[in-house]
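One structure is given below, encoded as structure tokens.
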There are 2 protein chains.
Amino acid sequence: MTEGVRLRRDAQRNLERLMAAAAEAFRERGLQVPLEEIAQRAGLSPGTLYNRFRSRDALIDAVMPALVEAAVRDALAHAEAIEDPWEALTVYVTMVCELQAGNPALNDAVSRRFPDAEALTAICDAQMDHARGLLQRAQAAGAVRPDCSVEDLAYLFWATSTIVRATVGVAPQTWRRALALNLDGLRARAAGPALPEPPLTRTQLHTAMLEM
Amino acid sequence: MTEGVRLRRDAQRNLERLMAAAAEAFRERGLQVPLEEIAQRAGLSPGTLYNRFRSRDALIDAVMPALVEAAVRDALAHAEAIEDPWEALTVYVTMVCELQAGNPALNDAVSRRFPDAEALTAICDAQMDHARGLLQRAQAAGAVRPDCSVEDLAYLFWATSTIVRATVGVAPQTWRRALALNLDGLRARAAGPALPEPPLTRTQLHTAMLEM
DNA sequence: GCATAACTTGAGGGCAGGGTCAACTTTCTG
DNA sequence: CAGAAAGTTGACCCTGCCCTCAAGTTATGC
């Protein structure tokens, strides 16, 4: 994943072990899991890991994009099969949140950005474009308030991210309640006086996600 | 703050320096600021700090309750002076969020719990009882959906906590937009189908706040 | 099968932060 | 003012994690 040169057979095998170990460790403990632990799970020394991946982000970028891509595609397929535009949007958002709730690595991937994980960033940015379609359809149908934008969906994912982390041990489904309340806030009929601030720009959102 | 015995004069002076330094450091950098830095700001050695406060929580508990109490009382006074029950609730919530946005220490105090900071915990728990009054008034007036409870307000504070941390450098007021959307989700007219999960119990909320 | 390039190893250095304690200094009390 | 009690110091240890590199091992091409 770091270069195109052909690897020696043992190196190739070790690379695969590292990626498998990383995927497992990320899934169980999130993307900040110590790299040493990943090397250990792979039965290799930390040096080998660093030898293959120059940084944590490089490893993340080798392992996560495929996962995220598949998961998002699945959510999108489900959502787009639904007639009712409000339903479609909520199903999509809910499915993404289910990913967050069920997998610490995906929770991180959805709510943060990793500066040197370029492929992952690309996937996540693309995801927003799909979500925009669903949102606009729901707005056109009058179900969703007209004064909100895709960037506002980030608030939902951030909230879910935090709630899941805090409550996974004590009330692992409570994020669904919070999400329901939040989604109700997006309904057209919920709108109160004009929103007090403009939505985040894409750039602001990107920068903010680097700060998490 | 640790015991009732009378302190030697120099020790008393050092204690005050420590608490002032802690208040300042907490305000600027949040409650997880290195204790070493606090000692340094006070012009004392780390040993002295540990000598006076057995743990970070003890220091937090010596410094924060007064601040939180004053701030919450102020917010409550403002809110209770407002006729319209919906206004009153939103003003209260907004003022608490303003505290979160303007002061990392208060942001931590509002959204987390510190097991050995008992006075602080007591203040924060009491706060919820006041908020309950405002919420119930707004529900009785038909402004707020009947199926939500004070514990649900925690979702707002958690969300604000996260959003503030992520966006303070890039769009420091954007939490107001997120909050407006969230508050709209609490309006009676926003309610969709029944909420999917029961509210958190007080105990669950408490445990969850320890996990943050 | 040998030379060489590729790869792995793990001890170890670095840094940040928590926390301790024996030796020293200051205040207090009679 | 001396002795005792109280308090302070800062070097030091510990843990967790990141990251490197000289020495050793293994695959590969000829």
Return yes or no: is B:V63 in a helix (DSSP H, G or I) and away from DNA strand C (no atom under 16 Å from the Cβ)?
-> no
Got a number for residues in segment B:15-56 being farther than 16 Å from B:N103 by Cα, more than 10 Å from DNA strand C (Cβ to nearest atom), in a helix (DSSP H, G or I) and not basic (K, R)?
-> 5
From (1) farther than 24 Å from B:Q173 by Cα; (2) touching a helix residue (DSSP H, G or I) at 6+ places or on another chain (Cβ under 7 Å); (3) more than 10 Å from chain B (Cβ to nearest Cβ), pick out the condition that doesn't hold for A:V144.
-> (1)
Name every residue in segment B:116-144 that is of a type in the set (V, I, T) and within 15 Å of B:Y92 (Cα to Cα), in order of residue number.
-> B:V144
A:E83 fails exactly one of (1) touching a Lys or Arg at 6+ places or on another chain (Cβ under 9 Å); (2) surrounded by fewer than 23 Cβ atoms within 10 Å (Cβ to Cβ), namely (1)
For segment B:42-72, which residues satisfy the criterion of being under 22 Å from B:Q139 (Cα atoms) and either of a type in the set (K, R) or within 16 Å of DNA strand D (Cβ to nearest atom) (or both)?
-> none
Of the residues B:R113, B:R189, which single one is of a type in the set (D, E, K, R) and in a loop (DSSP other than H, G, I, E, B)?
-> B:R113
Listed residues B:V164, B:V168; which is of a type in the set (A, V, I, L, M) and touching a helix residue (DSSP H, G or I) at 6+ places or on another chain (Cβ under 7 Å)?
-> B:V164
For segment B:150-175, which residues satisfy the criterion of being more than 9 Å from chain A (Cβ to nearest Cβ) and surrounded by fewer than 17 Cβ atoms within 10 Å (Cβ to Cβ)?
-> B:P172
Can you tell me which residues in segment A:186-198 are within 7 Å of chain B (Cβ to nearest Cβ) and touching a residue at least 40 places away in the same chain (Cβ under 8 Å)?
-> A:L186, A:R187, A:A190, A:A191, A:L195
Is it true that B:Q100 is modelled with pLDDT of 95 or more and either surrounded by fewer than 20 Cβ atoms within 10 Å (Cβ to Cβ) or within 22 Å of B:P198 (Cα to Cα) (or both)?
-> no
Select from segment B:19-76 the residues that are β-branched (V, I, T) and free of Cβ contacts under 8 Å to residues at least 60 places away in the same chain and list them in ascending order.
-> B:V33, B:I38, B:T48, B:V63, B:V68, B:V72
Considering only segment B:15-41, state which residues are touching a Pro at 6+ places or on another chain (Cβ under 6 Å) and within 16 Å of DNA strand D (Cβ to nearest atom).
-> B:E36, B:A39
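The values are calculated or read from the model by the stated rules, or taken from the named source; none is laboratory data. Because the structure is a prediction, the values reported are computed rather than measured. Ideal geometry is used to build each Cβ from the backbone, glycine not excepted, and the neighbour counts take in all protein chains shown.
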